[in-house]
Amino acid sequence: MIHSKKGFTLIEAIVAIGVISIGFVGSLVLLSKASSQASAVKDRVVVAHLAEEGIEVIRNIRDTNWLKGFEWRTGLPDTGSNFGVVDYNSASVDTSDTSESRKCLNWDGNFYKHAAAPVYACSTSFKRQIKLTTLTENISGQIVDYLEVKSIVEWKEKGIVKSLTAIDHLYDWK
């Protein structure tokens, strides 16, 4: 007796559907994780740029002081245990309000800016603070003052508060 098989049996069809389903679900999980990672990486890039911007704004204030003939530290007070805030167009460090909500950065469509008083609403998870400290160093037997600048950016990633600190030292080298 000769038997011929002319197609799939029910068991073969179920196995094939199971294998395809497992592959499809695995692809969806991979895409979901990749999307989540891409969002986290984007936030980390923004944070790195915001921290660097804080340093660059302080450097710009110092350089503008030189160009205008002012003392290089004008508008750059020591913050002590408190902090100050600056935006991309600041002419000095604002230390007038040290409430936690003052650190909030909001996206206005073009730039991240600190919210204006009296309501410091946070439309993003990014917060930036600037800490300025005068330090001294002995260079070739001469005591030199310099400004330690810390730009600290905080953000939330998957519900966990993270922080990045950029540090620079500025001198009156002119």
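The values are calculated or read from the model by the stated rules, or taken from the named source; none is laboratory data. This is a predicted model, so every value here is computed, not measured. Please note: Cβ atoms are built from the backbone with ideal geometry, for glycine as well, and neighbour counts cover all protein chains shown. Just so you know, the surface numbers come from the protein's heavy atoms only, side chains and all, with ligands and any DNA or RNA stripped out. Shrake-Rupley method; radii C 1.70, N 1.55, O 1.52, S 1.80 Å.
A few points about this structure:
- When the range 122-146 is limited to residues that are part of a loop (DSSP other than H, G, I, E, B) and open to solvent by 80 Å² or more (accessible area, probe 1.4 Å), the one that is modelled with the lowest pLDDT turns out to be 123.
- Qualifying residues in the range 78-87 (those that are surrounded by 14 or more Cβ atoms within 10 Å (Cβ to Cβ) and assigned to a loop (DSSP other than H, G, I, E, B)) - the one farthest from the chain's Cα centre (by Cα): 78
- Checking residue 101 against (1) at pLDDT 95 or above; (2) not in a strand (DSSP E or B), the condition it does not meet: (1)
- Residue 44 open to solvent by 80 Å² or more (accessible area, probe 1.4 Å) and in contact with a strand residue (DSSP E or B) (Cβ under 9 Å, 6 or more places away or on another chain): yes
- Failed condition for residue 4, given (1) over 30 Å from residue 110 (Cα atoms); (2) at pLDDT 90 or above: (2)
- Every pair of residues 6+ apart whose Cβ atoms lie under 6 Å, when the first sits in the range 120-136 and is more than 26 Å from residue 78 (Cα to Cα) while the second is hydroxyl-bearing (Ser, Thr, Tyr): none
- Restricting attention to the range 99-121, the residues that are open to solvent by 70 Å² or more (accessible area, probe 1.4 Å) and under 16 Å from residue 163 (Cβ atoms) add up to 1.
- Restricting the range 147-166 to residues that are of a type in the set (Val, Ile, Thr) and free of Cβ contacts under 8 Å to residues at least 60 places away in the same chain leaves a set whose member that is surrounded by the most Cβ atoms within 10 Å (Cβ to Cβ) is 161.
- Members of the range 54-77 that are in contact with a Lys or Arg (Cβ under 8 Å, 6 or more places away or on another chain) and in a helix (DSSP H, G or I): 54, 62, 65, 66
- Restricting the range 88-98 to residues that are modelled with pLDDT of 85 or more, in a loop (DSSP other than H, G, I, E, B) and closer than 22 Å to residue 148 by Cβ, the residue that is most open to solvent (accessible area, probe 1.4 Å): 96
- Qualifying residue in the range 109-116 (condition: in contact (Cβ under 8 Å) with a residue 40 or more places away in the chain and closer than 15 Å to residue 79 by Cβ): no
- Output for the range 147-174, where each listed residue is more than 27 Å from residue 68 (Cα to Cα) and of a type in the set (Asp, Glu): 154, 157
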